[in-house]
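Have a look at the structure below, then the notes.
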Amino acid sequence: MKILVLNCGSSSIKYKLYDMADESVLAQGGVERIGLDEAFIKVKLNNGEKKQIMADLPTHKEGVALVFKVLLDSEIGAIKSLDEIDAVGHRIVQGGDLFEKSCIVTKEVEKGIESLIDLAPVHNAGHLRGLRAVDALMPNTPQVTVFDNAFHSTMPNYAYLYAVPYEMYEKYHVRRYGFHGTSHRYVSQRACEILGVDYKSQKIITCHIGNGASMAAIKDGKVIDTSMGLTPLAGLMMGSRSGDIDASAVTYMMEKLGKTPQEMADYLNKESGVLGITGISSDMREIEAAEAAGNERAILALKMYNYRIKKYIGAYAAAMGGVDVIVWTAGVGENQITLRTDAVEGLDFLGIKMDVEKNNCRGVEKVISADDSKVKVLLVPTDEEIVIARDTQELVMAAKK
């Protein structure tokens, strides 16, 4: 079975084509600047090189059509006919409380995703355009939606509700949802496979630390809490997002700056976090270089960044009554060596003991805690696309029976 995985944003489409016989990647790339000037597709070739092709892409339909065209190309393509694609799996950021697991796309599912656009206006609208573009071009090919927050749907109500009037939840679905669910699911399960332990008997803290960052507490195979909230703004300090902040500080800044709600949301999402503190960049590689050069605000930003992660580790260990496994993943978590030691410094009372030599690595599957550490600490590169592909295969095959 060949499965195409799509992640459609507001102006972009990332894709991977899998042969599920061995889960090999047959093709991958991304479309950028849909609806804008100088749109293009970037294709990663089998030899590791990348090829960029400019195109006129007014809508997602043209973007998806270009992906298909490239997949069929005699020189850089991977298939000879679109009939070889057995199903298409889509990443959907916000499933709200309507979708607690992956599902085959129907008109009712489309309507449900559309009804949740207010909760994720940029993401869900883009996802929906991608779904409909595939349907228009390949109407007989089954599609599956895999929701970013579905893995977190096991949270108890006392963990996901906010202490605001209950009618805000009843009428407007205001609650904690969490995101990066496919990543948290993949790395937590993969970590237990590496350790050879029963997934449903472990207390696990997963740290998805990238430009967007979140953590999850997973007890006996179920998420009991996660750091992001109604939107991806909550929780940890991120590249350009503030993370947790006093709500009154938000209204105070709005008054002082004369900003509208949308302008304030942009301020907290795009101009805050590491970028806001340093005034340099949201890229942690640049911040590390500035720290090494003695930049005081870079030093401060990294201390703030690591401190927030440490607080969440402590909080989640308390919520679960201990911790057996900590997993680092995503761009920063996989590649920033000092982060992984600094964020757990002083947590030896929890049974965490790092091995500096083992931790001196990037982007590989590895146990990086000391041999005698009570808590096992692992580095596991994430693979959200394979989770989507597996869910898609499982649902499509079940539907055929």
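The values are calculated or read from the model by the stated rules, or taken from the named source; none is laboratory data. These numbers were taken from a predicted model, which means no experiment stands behind them. Cβ sites come from the backbone with ideal geometry, for glycine too, and all protein chains shown count toward neighbours. Protein only, heavy atoms only, side chains kept; ligands, DNA and RNA dropped before computing areas. Shrake-Rupley method; radii C 1.70, N 1.55, O 1.52, S 1.80 Å.
The figures follow:
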| quantity | calculated |
| --- | --- |
| Of the criteria (1) over 25 Å from the mean Cα position of the chain (by Cα); (2) not in a loop (DSSP other than H, G, I, E, B), which one Gly112 fails | (1) |
| Residue count, the stretch 261-294 (criterion: open to solvent by 70 Å² or more (accessible area, probe 1.4 Å) and of a type in the set (S, T, N, Q)) | 1 |
| Considering residues of the stretch 159-196 that are open to solvent by less than 40 Å² (accessible area, probe 1.4 Å) and in a loop (DSSP other than H, G, I, E, B) only, the residue nearest to Ile209 (Cα to Cα) | His180 |
| Filter result for Ser240 (over 19 Å from Val380 (Cβ atoms) and either hydroxyl-bearing (Ser, Thr, Tyr) or in the same structural domain as Ala315 (by the TED database) (or both)) | yes |
| Selection status of Thr226, outside the structural domain of Leu116 (by the TED database), closer than 24 Å to His173 by Cα, over 20 Å from the mean Cα position of the chain (by Cα) and of a type in the set (Ser, Thr, Tyr) | no |
| Answer from Asp391, Asp372 - the residue that is farther than 23 Å from Gln336 by Cα and surrounded by fewer than 17 Cβ atoms within 10 Å (Cβ to Cβ) | Asp372 |
| Residue ranges of helices (runs of 4 or more DSSP H) in the stretch 206-323 with at least 1 members closer than 29 Å to Gln94 by Cβ and in contact with a Cys (Cβ under 7 Å, 6 or more places away or on another chain) | 296-320 |
| Of the criteria (1) under 20 Å from Leu131 (Cα atoms); (2) without any contact (Cβ under 8 Å) to a residue 24 or more places away in the chain, which one Ala21 fails | (1) |
| Those residues of the stretch 333-369 which are surrounded by 15 or more Cβ atoms within 10 Å (Cβ to Cβ), under 27 Å from Asp220 (Cα atoms) and either β-branched (Val, Ile, Thr) or in contact with a Ser or Thr (Cβ under 9 Å, 6 or more places away or on another chain) (or both), in sequence order | Gly333, Glu334, Thr341, Val344, Gly351, Ile352, Lys353, Met354, Asp355, Asn359, Val367, Ile368 |
| Count of the stretch 136-158 residues which are surrounded by 17 or more Cβ atoms within 10 Å (Cβ to Cβ) and either charged (D, E, K, R) or within 17 Å of Phe179 (Cα to Cα) (or both) | 10 |
| Strands (runs of 3 or more DSSP E) enclosed by the stretch 10-97 - at least 3 residues per element that are closer than 23 Å to Glu110 by Cβ and open to solvent by less than 10 Å² (accessible area, probe 1.4 Å) | 85-92 |
| In the stretch 135-146, residue farthest from the chain's Cα centre (by Cα) [restricted to those that are modelled with pLDDT of 95 or more and outside any loop (DSSP other than H, G, I, E, B)] | Gln143 |
| Residue in the stretch 300-314 that is touching a strand residue (DSSP E or B) at 6+ places or on another chain (Cβ under 8 Å), of a type in the set (Ser, Thr, Tyr), closer than 16 Å to Leu233 by Cβ and in contact (Cβ under 8 Å) with a residue 60 or more places away in the chain present | yes |
| Scope the stretch 111-130; condition closer than 22 Å to Ala389 by Cα and either touching a residue at least 60 places away in the same chain (Cβ under 8 Å) or not assigned by the TED database to the domain that holds Lys69 (or both); matching residues | His123, Ala125, Gly126, His127, Arg129, Gly130 |
| Residue in the stretch 345-363 that is part of a helix (DSSP H, G or I), assigned by the TED database to the domain that holds Arg308 and either of a type in the set (Phe, Trp, Tyr) or in contact (Cβ under 8 Å) with a residue 40 or more places away in the chain (or both) present | yes |
